[in-house]
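Report on one structure; see the data block that follows.
The values are calculated or read from the model by the stated rules, or taken from the named source; none is laboratory data. This is a predicted model, so every value here is computed, not measured. Here Cβ is always computed from backbone atoms with ideal geometry, including for glycine, and neighbour counts include all displayed protein chains.
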Amino acid sequence: MQGLIVTIPLTIISFTLGLIIALITALVQIADLKVLKQLARFYVWIFRGTPLLVQLYIVFYGLPALGIIIDAWPSAIIVFSLNTGAYASETIRAAIEAVPGGQMEAGLCVGMNYFQIMYRIIIPQALRTAFPPLSNSLIGLVKDTSLAANITILEMFLAAQRIAARTYETFALYCEVALVYLLFCTVLTKLQAICERKLSTYKGV
Amino acid sequence: MLKVEHVYKKYDDLEVLKDVSLEVDKGDVITIIGPSGSGKTTLLRCINFLTIADSGKMIFDDKTLDMAEASKKEMNEIRKKTAFVFQNYNLFLNKTALQNVTEGLIIARKMPKDQAETIAKKALDKVGLSDRYDYYPTQLSGGQQQRVGIARAIASSPEIILFDEPTSALDPELIGEVLNVIKELAKEGMTMVIVTHEMNFAKNISTKVIFMDDGVIIEEGTSKEIFEDPKKERTKQFIHSFEH
Ligand SMILES: Nc1ncnc2c1ncn2[C@@H]1O[C@H](COP(=O)(O)OP(=O)(O)O)[C@@H](O)[C@H]1O
Ligand SMILES: [Mg+2]
């Protein structure tokens, strides 16, 4: 399916950006940076509280009415990464908070500062904890990218719709699409299991 | 070398430290004993600024500071001169035994990696873990983890090591190996303040014993004075409660 050529990069780019946004959003809240924290809460609230499809429509079809025109691809990337970022930031924030407080104290006692301890001790441990739920988000995102069909991006699903419109082979075609998503997600699940085994060394196998 | 004076700390309405003063001279091995909840941990934590005292004065190597108002820089300076051994070890869980020791040297003290590793290996050898450099904390027994904790403490050549009940999280058969390491340090003249419930250990190792109860120092003196001839009734009761 040539549509995968769109789905894969769309997923990878959005997820990478989403993770960066998530980490920043989580840290801003953990570090208790006054105004930024409010802003972060507001952002998470908006993006978790509204449907992804509606977000896509607002950015791609709504913003032009205000004179802001964004192409389909950048629109999709903006929405998908912000949406992933909102969910993943909560995952990462919870994972950071789950790291025992003694880790920070031990770091302070050997003379390291807050940022050194965060970067070298706490965040690596938190990412280990956050890995399974983040993998979940990634798999969710793979499937969510099918919504990009709604803003004219010729990803797998829209490609299938077009062929179906020509050939009327709707059932077979859509099943095939489902199968490709399923395969793709299965590969990711396997990768997740392999990575988790690698990461588990210090957690006592 | 270190003096803290009139340390006061309360949590809401609970007065945890009521005007506690403590003096540590070079080479001292001071043990702090007392019932649970008497403020021993809080006192150690205030010295290291893990807990900020409500008021109190600290004099460390002729430098005086207000314990309630210390700046980040002052705190960091004190922390670099001291080391802390935690009741529950608090090893960095994502680092090996060796990395646990080198981390502070390389990151906080900007020591070159190979020099840090040389020092770390020496420290781990000293606590009897020369065959465990590359083990993660979860792969070590409690006694081994605590010995890594002690190696991490001595590697930075602190002026004082603060121990908060270093053996109370350990299974009975593992306590000895940790106490032996501490005894070894005492022989070498390391200055230490040790909160402990190991009365025999305290009796043998201390140059000074402090008995704390209810946020105050009830009595202090030599090991002999406190264990064999306590003056205060509460000290007597406490010491007796450990004799079977
Ligand atoms: N962070 C805290 N918040 C509230 N109360 C605390 C806190 N830390 C300690 N306390 C209280 O202070 C008292 C002294 O505690 P601690 O110093 O740990 O005693 P010890 O080490 O002698 O057992 C206890 O009653 C404890 O419940
Ligand atoms: Mg205690």
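Report yes if some residue within region A:57-80 is among the hydroxyl-bearing types (Ser, Thr, Tyr) and surrounded by 16 or more Cβ atoms within 10 Å (Cβ to Cβ); otherwise report no. Checked region A:57-80: at least one residue is among the hydroxyl-bearing types (Ser, Thr, Tyr) and surrounded by 16 or more Cβ atoms within 10 Å (Cβ to Cβ). Each residue in region B:70-97 was checked for being more than 7 Å from every other protein chain (Cβ to nearest Cβ) and over 22 Å from B:VAL193 (Cα atoms), and 6 of them qualify.
Only one entry of B:LEU17, B:LEU50, B:LEU44 meets the criterion of being surrounded by 21 or more Cβ atoms within 10 Å (Cβ to Cβ), assigned to a strand (DSSP E or B) and modelled with pLDDT of 95 or more, and that entry is B:LEU17.
All of B:GLU74, B:GLU103 fail the test of being surrounded by fewer than 18 Cβ atoms within 10 Å (Cβ to Cβ), within 20 Å of the chain's Cα centre (by Cα), free of Cβ contacts under 8 Å to residues at least 60 places away in the same chain and more than 23 Å from B:GLU188 (Cα to Cα), apart from B:GLU74.
Here is a yes/no grid of residues against (1) of a type outside the set (Gly, Ala, Ser); (2) modelled with pLDDT under 95:
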site	(1), (2)
B:LYS80	yes, yes
B:ALA83	no, no
B:TYR89	yes, no
B:LYS95	yes, no
B:PRO112	yes, no
B:ALA116	no, no
B:LYS121	yes, no
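Scanning region A:43-55 for residues that are over 19 Å from A:ALA94 (Cβ atoms) and either in contact with a Pro (Cβ under 6 Å, 6 or more places away or on another chain) or not in a loop (DSSP other than H, G, I, E, B) (or both) gives A:ILE46, A:LEU52, A:LEU53, A:VAL54, A:GLN55. For B:ALA169, the conditions (1) more than 17 Å from B:ILE30 (Cα to Cα); (2) surrounded by 21 or more Cβ atoms within 10 Å (Cβ to Cβ); (3) within 16 Å of ligand 1 (Cβ to nearest atom) are fulfilled apart from (2). When residues in region B:20-41 are screened for being among the polar types (S, T, N, Q), part of a strand (DSSP E or B) and within 16 Å of ligand 2 (Cβ to nearest atom), 1 of them pass.
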